[in-house]
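Have a look at the structure below, then the notes.
The values are calculated or read from the model by the stated rules, or taken from the named source; none is laboratory data. On a predicted model such as this, the values are computed, not experimentally measured, just so you know. Neighbour counts are summed over all protein chains in view; Cβ atoms, including those assigned to glycine, are modelled from backbone coordinates with ideal geometry. Each accessible area value is taken on the protein alone, full model and side chains, heavy atoms only, with ligands, DNA and RNA left out. Shrake-Rupley method; radii C 1.70, N 1.55, O 1.52, S 1.80 Å.
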Amino acid sequence: MPPVLTTCTACGCTCDDIRLSVDGEGAVTKADHACEIGQQWFARPPATGPVAMIEGREATLDEALARAAEILQGARLPLVTGLQQATTEAVRAAMALADQLGACIDWTASDADAASTLALQNAGSVTASLGEVAQRSDMVLVWGMDLATTHPRHFERYSLEPTSAWIDGREDRTLIVIDGSSTATAKLADEYVQLDPNRSYEALVVLRSLLADITLDAATVKQQTGVAIDKWQELVEKMKAAKYGAMIHGGGLAASRECLIALTQLMADLTAHTRWVAMPAGSAGNKAGAASVLTWQTGYPLGVNLAEGYPQYGPGEWTTAAMLERGEADAALLIGFEGDGPSIPTVALDWQSTNAMASATVAIRTARPGVECGGTTQRVDGVMLPIRAARTTDAPTTEEALEKLKSLIEE
Ligand code: SF4
């Protein structure tokens, strides 16, 4: 069988140039273009065992779906969550089911991401596609992350090395790294600024102030950021002099609403001088797709309660961790859920063996996106990318299972 062109979702790079080969047994033998992390991701063995289990005992898919329908229909306030590893099509099916059930719908790590979501809703963003960054950026600023290690092909594909009509690869670009320690990324930098991650907000305020020509006290700047004012002034001049700057940031900044708002304001301030954009490096799976589908369908990206027949938004209230902690959900539909399953009746769907699958009342093994089934996934910059199947499986796709479940509940 010829190699299949598919997309890797093992990190936020979402590389769509992977050529996947499988042998006669369905084992992945080659993942051309994938980095080491991607190779390991594709090499994960297919899950074995029955397609469906009820309370630890093998069952037919129909029996499992019937029991799942019973659990979810009988619940006062079911929670539909997971979703970060699902295709966009599977998230859409989950959304339709949540609507039908009057459930809360959310995704696994939404509580951790609520800060960045709220910052985006408060301040907007100054951003671009990664394609534009690859074509245009002559300065790349990596803030608070070891991008070369966590996203091994980011520099190659998007930020530092691509050539275009305007930029001649690495030679034409300046790489600045601001981070707490000298990482592999910092070692590649033209300039490295060591900054305690807990002082990111203060540093962003200093940069904004210097950009606005506000006179600052040097001793205070040094005390608040741990970095001399001259270094910040030098950085501001470099940022102003860039033709197109791209800031890529990691989890540290994303966890702070204040930092993200200050960052967006800095990008907007820089627009008076030149073009700058900022974007997170992104994470594994299809978190961007999950948030987008929820937004398309309800107007809100996470923590949506449909119990009253219309969407209500509750970050920190109807988000996964908060609902499970308070014991408010009395049943859960877990779709590719990372972490332990909660101690309420659960229906778990996944392509791999997880703690949530092991403890689920009903567990259904589904086809693995990007290897056993196709669909679409969304890159961190919002670009939709196709994923394709390279081998067959006896398991249903997640959307097939969810659509059958919805039909059963309708009946
Ligand atoms: Fe996969 Fe990320 Fe490596 Fe690309 S950089 S192949 S998305 S792990």
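Computed values, structure above
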item: Selected residue (only one of ALA360, ALA322, ALA348, ALA329 is among the small types (Gly, Ala, Ser), farther than 30 Å from ALA43 by Cα and at pLDDT 95 or above); result: ALA329
item: Top-ranked residue in segment 10-43 [being out of contact with any Phe, Trp or Tyr (no Cβ under 8 Å at 6 or more places or on another chain) and β-branched (Val, Ile, Thr); ranked as least open to solvent (accessible area, probe 1.4 Å)]; result: THR14
item: Residue satisfying condition, being within 16 Å of the ligand (Cβ to nearest atom), under 20 Å from the mean Cα position of the chain (by Cα) and on the phi < 0 side of the Ramachandran plot, within set ALA148, ALA119, ALA94, ALA90; result: ALA148
item: THR225 vs. criteria open to solvent by less than 50 Å² (accessible area, probe 1.4 Å) and more than 20 Å from the chain's Cα centre (by Cα); result: yes
item: Options ILE54, ILE18; residue that is under 30 Å from GLU411 (Cβ atoms) and touching a strand residue (DSSP E or B) at 6+ places or on another chain (Cβ under 6 Å); result: ILE54
item: Elements of type strands (runs of 3 or more DSSP E) contained in segment 1-82, each with 1 or more residues being more than 16 Å from the ligand (Cβ to nearest atom) and either of a type outside the set (Phe, Trp, Tyr) or in the same structural domain as TRP318 (by TED's automatic domain parsing) (or both); result: 18-22, 28-32, 52-54, 57-59, 78-82
item: Leading residue by the ranking (farthest from VAL304 (Cα to Cα)) among those in segment 325-379 that are β-branched (Val, Ile, Thr) and crowded, with 23+ Cβ neighbours inside 10 Å; result: VAL371
item: Boolean, GLY102 is more than 16 Å from the ligand (Cβ to nearest atom) and either within 29 Å of ALA291 (Cα to Cα) or open to solvent by less than 70 Å² (accessible area, probe 1.4 Å) (or both); result: yes
item: Residue that is most open to solvent (accessible area, probe 1.4 Å), among those in segment 202-222 that are assigned to a loop (DSSP other than H, G, I, E, B) and acidic (Asp, Glu); result: ASP213
item: Test result for ARG199, open to solvent by 60 Å² or more (accessible area, probe 1.4 Å) and either among the aliphatic types (A, V, I, L, M) or within 25 Å of VAL380 (Cβ to Cβ) (or both); result: no
item: So ALA290, is it over 29 Å from ILE248 (Cβ atoms) and outside any loop (DSSP other than H, G, I, E, B); result: no
